[in-house]
Amino acid sequence: MIASADALAPLCTRVRTATRVAIDTEFHAERTYSPRLMVVQLAFEDGVAIVDPLAIADLDPLAQALTQTEVVGHALSSDLKILADRFDVVPHRVFDTQVAAAFLGYGVQISLADLVHDLRGVRLAKSQTVSDWGTRPLSPRQIEYLVDDVAHLLPMQEALLERLAAAGRLEWVREECAALGDIERYRIDERRAYLRIPGATRMNRRELGALRALVRLRDQYARRRDVPPRYILPDDVVAGLATMRPKHEDELVQLRRLDAGARRQLGAAIVEAVAEAEALEEDALPERPKRPLGMARDTLVSLMSIVVGEIARAHDLAPSLLVPRAALERISRELPSDPKAFAEAMELSPWRLELVAEPLQRLLRGEASLGVEGYAQGDPNIRLQP
């Protein structure tokens, strides 16, 4: 148990000099702007350390130490995002057991408990999944849960590496995990955050300008008060304000869900944000999001998805792991005519392109068609036929 700066220092030295370290975190994110780190668990070859962020004011030395070793975890994105948000660093060498398992036919979201049971023959007690990690002292059951979450990760990595090498997919996984060590992956593009508001795709450019300004305003207040943005203004209220574009505070009473307290605290700032957006020149306004594909091109995406699904099944991979839908939508929008343009539009890694590019191009050029085999025998399979 690491609950003081004096105890943390030798732990950081051990992390820096270790060949690899397993990690997991527990955090609360329901009522704060950024998740609050409650516990950090680290596993070495010979034991587990549980770090208490509530007792140690400065964990930056630990975050820095983790950049000096290989970090092993399960579904690491949320853990790494906390490091990126709080310390502005992430480990550079990463191995995610969930990602690795996906390349071995386990699906893209296998749980830690299921993977531990399959690879280690151990059933984890998950009774503390919704535990309050802000309580101190931690109970024996909580500590058992924390240890279990990291104790099996290093042996599982060894088993997965062996299977991946045998399947010829180790480099695929290395490539996927390397992307997890890029800090830009965890930084929110605040310039486009307004597009996540429901209804944004139906707004004109002037309304989008107001929406962008209002989302930025909401984010500033939320960050300052350390509360989720929806606590400042719900999404539907922000969308309503963007379409209304009020010029005076008196107009705010028209929004039923904007109560008197919010009008009093935010009214002037809302009107000012809208006014600044209204003053923008036309060329400074946000572009409208891309329109839906339309029925014909959406059908084209569906046909390509079938081909991708069959290729994925043949290689025991999840289709979403092979080609994201966004790549197929780009092909349907841009209709690239030659192999080089097709590859550029797909924006896929080389091994993915090698599997899917040629079959998709044959389908799109009309050189192959989709057919169903085995239907009469009760075992239908879709095949790309010449």
Out of all the residues in segment 33-42, is one or more farther than 25 Å from His152 by Cα, part of a helix (DSSP H, G or I) and not assigned by TED's automatic domain parsing to the domain that holds Ala222? no
Consider Arg224 against the criteria (1) over 30 Å from Val89 (Cβ atoms); (2) in the same structural domain as Pro246 (by TED's automatic domain parsing); (3) out of contact with any Pro (no Cβ under 8 Å at 6 or more places or on another chain): it satisfies all of them except one. Which criterion is unmet? (1)
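Would you check if Arg245 is at negative phi and basic (Lys, Arg)? Before you say what the answer is, go through the steps one by one.
Details: at negative phi: no; basic (Lys, Arg): yes.
It is false that Arg245 is at negative phi and basic (Lys, Arg).
For segment 362-386, name all the residues that are of a type in the set (D, E, K, R) and farther than 17 Å from Ser305 by Cβ. Quick ask: steps written out before the conclusion?
To start, the set of residues in segment 362-386 that are of a type in the set (D, E, K, R) comprises 362, 365, 367, 373, 379, 383.
Scanning segment 362-386 gives Arg365, Glu367, Glu373, Asp379.
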Among (1) in contact with a Gly (Cβ under 6 Å, 6 or more places away or on another chain); (2) surrounded by fewer than 13 Cβ atoms within 10 Å (Cβ to Cβ), where does Glu30 come up short? (1)
Inter-residue pairs, beta-carbon under 8 Å, first under 13 Å from Thr32 (Cα atoms) and in segment 210-230, second among the charged types (D, E, K, R) and surrounded by 14 or more Cβ atoms within 10 Å (Cβ to Cβ), 6+ apart: Pro229/Arg218; Pro229/Asp219
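Residue by residue, here is whether (1) outside the structural domain of Pro234 (by TED's automatic domain parsing); (2) free of Cβ contacts under 8 Å to residues at least 12 places away in the same chain; (3) in a helix (DSSP H, G or I) holds:
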| site | (1), (2), (3) |
| --- | --- |
| Ile110 | yes, no, no |
| Ser127 | yes, no, no |
| Pro137 | yes, yes, no |
| Gln157 | yes, no, yes |
| Glu176 | yes, no, yes |
| Thr201 | no, no, yes |
Would you mind listing the helices (runs of 4 or more DSSP H) fully within segment 286-386 where at least 2 residues are in contact (Cβ under 8 Å) with a residue 24 or more places away in the chain and among the β-branched types (Val, Ile, Thr)? 295-314
For segment 203-221, name all the residues that are of a type in the set (A, V, I, L, M) and either within 22 Å of the chain's Cα centre (by Cα) or not assigned by TED's automatic domain parsing to the domain that holds Glu272 (or both). Val215
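The values are calculated or read from the model by the stated rules, or taken from the named source; none is laboratory data. Predicted, not measured: the structure shown is a model, and the values here were computed from it. Using ideal geometry, Cβ is built from the backbone for each residue, glycine included, and neighbour counts are taken over all protein chains shown.
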